[in-house]
Amino acid sequence: MEQASAPKIVSMENATRGWINGLIGVVIFSGSLPATRVAVLEFDPVFLTVARATLAGVLALCILLLFKEQRPARHQLLSLVIVAIGVVVGFPLLTALALQHVTSAHSIVFLGLLPLTTALFGVLRGGERPRPAFWLFSVLGSLTVVGYAISQGLNASATGDVLMLLAILVCGLGYAEGAKLSRTLGGWQVISWALVLSLPVMALLSLLLSPASFSSISPPAWLSLGYVSLFSMLIGFVFWYRGLAQGGIAAVGQLQLLQPFFGLALAATLLHENVSAGMLGVTVAVILCVVGARRFAR
């Protein structure tokens, strides 16, 4: 089991490992929205949410049993519930609902808000205190994203944009809470126990909401379900929570500004969605903001 204290000053070696692990997590997460977009075209969004959590939960349970991991302490259960609400149920469900109204390319732009919400919850729940200049760069990146959405007149769908904003909020909470808990429970153990904690309810709902027939579901939809279940719900978090715990929630959280760039590339390549010059401009701007935020994170 990974054990770590919560020092106020992160060593350079730990910070480097944190950024490497965090970057791997971001690359994995970048495929989540395009894959969800493909899956939600053929799966009901609520069923998709509970099905991916069920599949990931079964795998997580097998891994925990295989390694004979000790159960979380009673005082850690509340944090695990928050993680489950944020990243096991909240973010997947809200994004799946949003992607019924907007394209994955449009929704990906909102991911530029994740570093700010993660940093805010890192202060509230993780006890971190970034320098004032950090907030300047973090807010600047977020305002760039919001400004772009407003400039589009929310023509895609006001409903879709509101759902994406709510998804970003609950996801930031789940990220920060999971990172704080990873310092004592371990990175992969946090997401695994959160999935197992959700498994009874998710499995029951999967049975109740299961469609009458799966014969019309295409291979791309099945592959997308597999991706969001295995990579987005489990493997990505193994690296992400470890990175946040090692390098600091606010600092490593800024790597999420790279996620729109990777996600837009996937949306254009795999889904043949239109990626406008405005989208690329926003992506470049928020990526530049990570440089300044990184420098003043501690």
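The values are calculated or read from the model by the stated rules, or taken from the named source; none is laboratory data. Computed from a predicted structure; not experimentally measured. Cβ: placed from backbone, ideal geometry, glycine included. Neighbour counts: every protein chain shown.
Screening the candidates Leu64, Leu113 for the property of being under 22 Å from Val290 (Cβ atoms), out of contact with any His (no Cβ under 8 Å at 6 or more places or on another chain) and buried (at least 17 other Cβ atoms within 10 Å of the Cβ) yields one hit, Leu113. Quick check, is Thr95 touching a residue at least 40 places away in the same chain (Cβ under 8 Å), buried (at least 23 other Cβ atoms within 10 Å of the Cβ) and among the β-branched types (Val, Ile, Thr)? Yes, satisfied.
Residues that are within 26 Å of Phe296 (Cβ to Cβ) and of a type in the set (D, E, K, R) occur in segment 103-125; there is at least one.
Between Leu270, Leu258, Leu225, Leu244, which is surrounded by fewer than 20 Cβ atoms within 10 Å (Cβ to Cβ) and on the phi < 0 side of the Ramachandran plot?
On the way: Leu258 fails: surrounded by fewer than 20 Cβ atoms within 10 Å (Cβ to Cβ); Leu225 fails: surrounded by fewer than 20 Cβ atoms within 10 Å (Cβ to Cβ); Leu244 fails: surrounded by fewer than 20 Cβ atoms within 10 Å (Cβ to Cβ).
On inspection, the qualifying residue turns out to be Leu270.
What residue, among those in segment 266-284 that are more than 22 Å from Leu140 (Cβ to Cβ) and touching a residue at least 12 places away in the same chain (Cβ under 8 Å), is farthest from the chain's Cα centre (by Cα)? Working first, answer last.
Going residue by residue through segment 266-284, those that are more than 22 Å from Leu140 (Cβ to Cβ) are 266-275.
With the extra rule that they be touching a residue at least 12 places away in the same chain (Cβ under 8 Å), the set shrinks to 266-268, 270-271, 273-275.
Details: Leu266: 16, Ala267: 17, Ala268: 21, Leu270: 20, Leu271: 21, Glu273: 22, Asn274: 23, Val275: 22 Å.
Applying the filter and picking the extreme gives Asn274.
Checking Gly90, Gly57, Gly86, Gly18 one by one, the residue that is under 30 Å from Arg295 (Cβ atoms) and either assigned to a loop (DSSP other than H, G, I, E, B) or at pLDDT 95 or above (or both) is Gly86 and no other.
Restricting Leu169, Leu124 to residues that are within 30 Å of Trp188 (Cα to Cα), at pLDDT 80 or above and within 13 Å of the chain's Cα centre (by Cα) narrows the list to Leu169.
Leu66 meets all of the listed conditions (1) closer than 21 Å to Leu271 by Cβ; (2) free of Cβ contacts under 8 Å to residues at least 24 places away in the same chain; (3) of a type outside the set (Val, Ile, Thr) but one, namely (1).
Residues checked against (1) of a type in the set (Val, Ile, Thr); (2) more than 26 Å from Gln246 (Cα to Cα):
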| position | (1), (2) |
| --- | --- |
| Val27 | yes, no |
| Thr36 | yes, yes |
| Asp44 | no, yes |
| Ala51 | no, yes |
| Ala60 | no, no |
| Leu77 | no, no |
| Val87 | yes, no |
| Pro115 | no, no |
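Here is a yes/no grid of residues against (1) free of Cβ contacts under 8 Å to residues at least 12 places away in the same chain; (2) among the β-branched types (Val, Ile, Thr); (3) touching a helix residue (DSSP H, G or I) at 6+ places or on another chain (Cβ under 7 Å):
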site: Ala176; (1), (2), (3): no, no, yes
site: Arg183; (1), (2), (3): no, no, yes
site: Leu197; (1), (2), (3): no, no, yes
site: Leu207; (1), (2), (3): yes, no, no
site: Ser216; (1), (2), (3): no, no, no
site: Pro220; (1), (2), (3): no, no, yes
